[in-house]
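Some notes on the structure that comes next.
Quick note: the coordinates plus some simple rules give every number you see, no bench work behind them. Computed from a predicted model, the values in this text were never measured in an experiment. Cβ placement follows ideal geometry from the backbone for every residue including glycine, while neighbour counts extend to all protein chains displayed.
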């Protein structure tokens, strides 16, 4: 009996340092992963984090919004000290919680969902009037968390510890493979990644992208893909396992 993704090649667009786990999950299901990072992540210099790190010492609540926030945020925090002893720590998504655990941070509160809306629905974040909240995120992240918590009476500050960029990569090899029918599925984990991918592929790659099934772990990303003109957009459960599950189910029903 063949594995469910046997004969399928999946385009993995995660940042280079986050490619391996999804590639391994695709391969475990019998598929081939073609890595083409369409998003680059760069840490913010420590001298730009002096004020957020000072404010962290008096925070009541710290929210890490992504695995990158956990990785770069905790690297900065551990380089300058530690998290406050009595602080409540929240993570958006199980992947963020796992990234925190890798830095020795446990007792993390995580919602069942994978987004800010799910986090804001937690009972622990309803009565936050007067609380000091530090949101650890990338430069220019979504405003929803801060706006909602501020409306609930919290004092909100940011530790913007990394920035997202379009990588400088050559798409020639990918285009050759794709034009030969060698890419069966595209995975993206942010709308920004999709924008970057389209820009890197250029005019030659746009028709290929539009007609290839795209798998995304959130409806907001899927909506961006539909607005871009993608013909087949599939919303999957969260995380690498969810992406693979979504692809397995889709190819089982559309082969």
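Here are the numbers for the structure shown:
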{"read-out": "Tilt relative to the chain, helix 219-228 - C-alpha long axis, 0 to 90 degrees, to 10", "value": "50 degrees"}
{"read-out": "Between helix 67-80 and the chain: long-axis angle, C-alpha atoms, 0 to 90°, nearest 10", "value": "40 degrees"}
{"read-out": "Degrees, to the nearest 10: 191-211 long Cα axis against longest axis of the chain", "value": "10 degrees"}
{"read-out": "Likely footprinting exposure, 131, 220, fewest C-beta neighbours within 10 Å first", "value": "220, 131"}
{"read-out": "Ordering of 21-33, 225-237, 5-17 by packing [mean C-beta count within 10 Å, highest first]", "value": "5-17, 21-33, 225-237"}
{"read-out": "Burial ordering of 250, 178, fewest other beta-carbon atoms within 10 Å first", "value": "250, 178"}
{"read-out": "Efficiency of FRET from Cβ geometry, residue 195 and residue 82, R₀ 51 Å, rounded to 0.05", "value": "0.85"}
{"read-out": "GNM result for the chain, Cα springs below 10 Å: residue of 242, 93, 140 fluctuating most strongly", "value": "140"}
{"read-out": "Cα gyration tensor shape of the stretch 42-165, rounded if a/c is under 1.5, else prolate or oblate by comparing a/b with b/c", "value": "rounded"}
{"read-out": "Centre separation in Å (Cα based) which lies between the stretch 21-76 and the stretch 85-103", "value": "11 Å"}
